[in-house]
Amino acid sequence: MSREYLHAYHSYLKSIEPLSDAERGRLFTACLIYSMTGEEPELRGSERFLFPTIREQIDRDRDAYDQKCKQSQENAMRRYAAACGGICLL
């Protein structure tokens, strides 16, 4: 299941402080594209040093979201089966 958002943590502010505005913009755009498509960006400025760390967080967030969706689906199926006394067609 795909998400329509990217977590942007406040802790990133300290990490991106040394970057120029252009590097910050490229980094943020790269994060959005990676979050949406999984496509690895070709970064050439100083932002290329921060992207791997942020990419790992994006991956962890995506995995946690996928796990939450899976668990929610399983819970819904259990509730549905319990509500119809086990005679429902799934």
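The values are calculated or read from the model by the stated rules, or taken from the named source; none is laboratory data. All of these numbers come straight from a predicted model, not from anything done at the bench. Ideal geometry is used to build each Cβ from the backbone, glycine not excepted, and the neighbour counts take in all protein chains shown. We work out accessible area using only protein heavy atoms, side chains counted, and drop any ligands, DNA or RNA first. Shrake-Rupley method; radii C 1.70, N 1.55, O 1.52, S 1.80 Å.
Taken one residue at a time, the phi angles of segment 68-74 give Karplus couplings (6.51, -1.76, 1.60, θ = phi - 60°) of 5, 5, 4, 5, 5, 5, 4 Hz. Gly and Pro are set to x.
Stretch Ile16-Glu4 to full length: gain in nm at 0.36 nm per residue minus the Cα-Cα span? Please list the in-between numbers first.
On the way: separation 12, 0.36 × 12 = 4.32 nm, distance 2.35 nm.
Roughly 2.0 nm would be gained on extension.
To the nearest 0.05, how large is the calculated FRET efficiency for Phe49 and Gln73 if R₀ is 35 Å and r is the Cβ-Cβ distance?
Details: r = 39 Å, r/R0 = 1.10.
Once the sixth-power term is evaluated, E becomes 0.35.
Can you send over the carbon and sulfur percentage of the accessible area for the chain, probe radius 1.4 Å, protein chains only? The value for the chain is 56 percent carbon and sulfur by accessible area. The residues of the chain expose on average 77 square angstrom of accessible surface per residue, using a 1.4 Å probe on protein heavy atoms. Derived scalar couplings between HN and Hα for segment 60-66 equal 5, 5, 5, 4, 5, 5, 4 Hz in order, rounded to whole Hz, by the Karplus curve 6.51 cos²θ - 1.76 cosθ + 1.60 (θ = phi - 60°), x for Gly and Pro.
Ordering Phe51, Ser11, Phe28 by the projection of their Cα atoms onto the charge dipole of the chain, which places +1 on the Cβ of Lys and Arg and -1 on the Cβ of Asp and Glu, puts Ser11 at the extreme positive end. The amide H of Leu6, built 1.01 Å from its N in the peptide plane, has no neighbour under 5 Å, considering only residues 5 or more places off or on other chains.
Going by average Cβ density within 10 Å per residue, which order do the peptides 68-80, 50-62 take, highest to lowest? Please report the intermediate quantities before stating the final value.
Working: 68-80: 10.5, 50-62: 15.5.
Those peptides, ordered most packed to least, come out 50-62, 68-80.
All other residues whose Cβ lies under 13 angstrom from that of Ser72 are scored, Lys and Arg at +1 and Asp and Glu at -1, for a net of +2. For the chain, the longest principal axis of the Cα atoms and the long axis of helix 21-37 meet at an angle of about 30 degrees.
For Tyr80 and Ile33 in the same chain, what is the full-extension length gain: residue separation times 0.36 nm, less their Cα-Cα distance, in nm?
Working: separation 47, 0.36 × 47 = 16.92 nm, distance 3.73 nm.
So the chain would gain 13.2 nm between Tyr80 and Ile33.
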